[in-house]
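Data first, discussion second: the structure below is written as structure tokens.
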Amino acid sequence: MTTQGSVWPATATLPEYDGIHADKHADVVVVGGGLIGLTTALYLQQEGADVVLLEAGRVGARTSGNTTGKVTSQHSAIYADLLDRHGASKAGRYATANQAAVDEVAALADRLGIDCELVRTPAFVYSTRADSPLRREADVAAALGLPARFVDPGELGLPVKAAEVVRFDDQVQLHPARYLAGLAAAFTQAGGRIFENSRVNELNTDHDIQAVTARGPLVRANHAVVATLLPIGLTGGYFARTRPSRSCGIAVRLPVEAPSGMAISVDSPVRSTRPWPGGGRTGLIVVGSDEEADAETTYQGLVDWVGSTWDFEVVPEYRWSAHDYSTPDLLPFVGKAPGTPLLVATGMDKWGLTNGTVAAGILRDLVLDRENPAAGVYDAGRIGDVQAVAKLVKDNLHVGKEFAAGHLGRLKGGADHLEVGQGGLLTRDDGSTVGAYRDHDGELHTVDPVCTHLGCPLRWNQADTTWDCNCHGSRFGYTGEVLDGPTTKPLTSPR
Ligand SMILES: Cc1cc2nc3c(=O)[nH]c(=O)nc-3n(C[C@H](O)[C@H](O)[C@H](O)COP(=O)(O)OP(=O)(O)OC[C@H]3O[C@@H](n4cnc5c(N)ncnc54)[C@H](O)[C@@H]3O)c2cc1C
Ligand code: FES
């Protein structure tokens, strides 16, 4: 039997915090309780600032809590590309900052006494092709000072026909939800305040900064850190400068001992693996993405890959999906959003456990008016590669049009034909479209399937029973509540 939902929150005790009931004052308001928000809040509170953290749902329960749990400077094969696009100085500072983040996460967990299954282990990146760019990647990464080398494919430890393999030594894997729970506990022990189920739907910056919550009360502060995966609403225009990308994960028990290292392929579709200690010696986590496929097909692709690699019939114990954002020039945006006093962090490209730890250091130093060696590399105000940005905006529009054409998730027949547990787009007699889902009690839930961020049509995700917007990554539950931004408003009921 497969549980729908990430293995990590299901096997951690996440602390619970009350919702906000009255207006508050603080030096800093942090919006978002993922890895970036929690780490930034902890850093600042430990430096003597008075910090309030507002979280839309539960801390650590969204992307950060649903990762592969790899804390590594090995970001697939990025360093040769970074060198070619940005030169040796920026590529070197990115490498140094991320390798330092690996050590920082290990040091934080140790200092704070966080029990998060943290293990030092190698991280491999491999290709089944002999003409892959990995030999150069190893040379560039090593020249930038990283513990990387091209190794014999036999070292990989996966039963795949790897032709080229790069090994990064002494990286870290951990249980992400337990790590986040530990950060939250340390923050509140240091005097920080967390309010859960307190979605911010407006950031006023006219005089002081006011973070207004959907519950009503607001937080007034001198500084605001927006750590909401993608800044909410239209802040800084980052929705048009980043691309959302979904990955799916499964936790399985193999018929043999699981490979001990972490690994990721550069071939398409990507397969990322690491041991799953909770599953015993045979436990394995596999994460992958397929840009062209829906979630159900992607889950099946992971199951098929594990089944054919280890030759057995796979029934995952858990399966889940999450998304993150990438930028056209490979570097995250961290710092002051153009035209506002708001501090932001986005575009971690699925490497936010290290990049996000770097981001937290930059955000802390910006609030405290200190220099940070990585700040210029992650500059949130850069325009970047204009052609790549233009292509991204065009691609996003194309995605919107494709959905507008109604290619995806449209069902035949009316609501009466909807089976229990089934959802999709229905065409009404007057030709209008309605989003519908019949829950396991037989109750029908209908929504207007139009994203409340900028109006893109939504796609029904049957595997996760959510309404997803592929334009900028907003996601809604079947009753219309917001699960992921940038939107802050729930779906409306059909007219
Ligand atoms: C499947 C998958 C696997 C990954 N694996 C790895 C990995 O192994 N290693 C690695 O380094 N990176 C990995 N990543 C990337 C990494 O998880 C992210 O880059 C990182 O978690 C981003 O952290 P965050 O704090 O920005 O986002 P989140 O963890 O999503 O936190 C944002 C928080 O803000 C809250 N929020 C949103 N809107 C509002 C609002 N309006 N008001 C209040 N709160 C709000 C959300 O509820 C959420 O809790 C992976 C990503 C995916 C998708
Ligand atoms: S997330 Fe921007 S339109 Fe849906």
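Out of all DSSP beta bridges in the chain, what portion is antiparallel? Express it as a percent rounded to 5.
Counting only bridges with both partners in the chain, antiparallel ones make up about 75 percent.
Ordered by packing density, taken as the mean number of other Cβ atoms within 10 Å over each peptide's residues, highest first, how do 449-461, 249-261 rank?
Averaged packing, sorted descending, gives the order 449-461, 249-261.
So, by mean Cβ neighbours within 10 angstrom, what's the order for 437-447, 298-308, 284-294, 365-375 with the highest one leading?
284-294, 298-308, 365-375, 437-447
In nm, to one decimal, how far is the modelled label at D18 from the one at R136, with both set 7 Å along Cα→Cβ?
Placing both labels 7 Å along Cα→Cβ, they lie 5.9 nm apart.
Using the alpha-carbon centroid of each, what span in Å lies between segment 78-156 and segment 273-301?
Cα centroid of segment 78-156 versus Cα centroid of segment 273-301: 22 Å apart.
Could you work out [θ]222 nm for the chain from helices alone, using -39500 (n - 2.57) per DSSP H run of at least four and dividing by all its residues? Round to the nearest 500 deg cm²/dmol.
It comes out at -8500 deg cm²/dmol, rounded to the nearest 500.
Between E257 and L368, what FRET efficiency follows from the Cβ-Cβ distance if R0 is 41 Å, with the result rounded to 0.05?
It comes to 0.30.
Suppose each label sits 7 Å from its Cα in the direction of the beta carbon; what would the R111-V151 distance come out to in nanometres?
3.0 nm
Within segment 49-92, what residues put their amide N at less than 15 Å from the label point 7 Å along the Cα-to-Cβ vector of A143?
Under cut-off, by backbone N: 78-92.
Only helices at least 30 Å long along their own axis, judged from Cα atoms, and with Kyte-Doolittle mean hydropathy of -0.5 or greater: name those in the chain from DSSP H.
79-112
No partner Cβ under 4.7 angstrom, meaning no disulfide-compatible partner by this rule: which Cys of the chain qualify?
Those would be C116, C248, since no other cysteine Cβ in the chain comes under 4.7 Å of theirs.
Past 26 Å, Cα to Cα: identify those pairs from K90/K336; K24/K489; K70/K161; K70/K489; K24/K336, in the order given.
Cα-Cα > 26 Å for K70/K489; rest within.
Out of all DSSP beta bridges in segment 404-484, what portion is antiparallel? Express it as a percent rounded to 5.
Approximately 95 percent, going by the DSSP bridge assignments.
Evaluate the charge dipole of the chain about its Cα centre and quote only its size in Debye, nearest 20, assuming +1 on the Cβ of each Lys and Arg and -1 on the Cβ of each Asp and Glu.
So the magnitude is around 520 debye.
Hey, can you rank 34-47, 161-174 by average C-beta count inside 10 Å, highest first?
34-47, 161-174
For the chain, what does the alpha-carbon gyration tensor say about shape, rounded, prolate or oblate, given a ≥ b ≥ c as the root eigenvalues, a/c under 1.5 as rounded, and a/b over b/c as prolate?
Rounded, because the longest to shortest axis ratio a/c is under 1.5.
None of the figures in this text is laboratory data; all of them are computed from the coordinates on show. In this text, all values refer to a predicted model and were calculated from it rather than measured experimentally. Note that each Cβ is placed from the backbone with ideal geometry, even for glycine, and that neighbours are counted across all protein chains shown.
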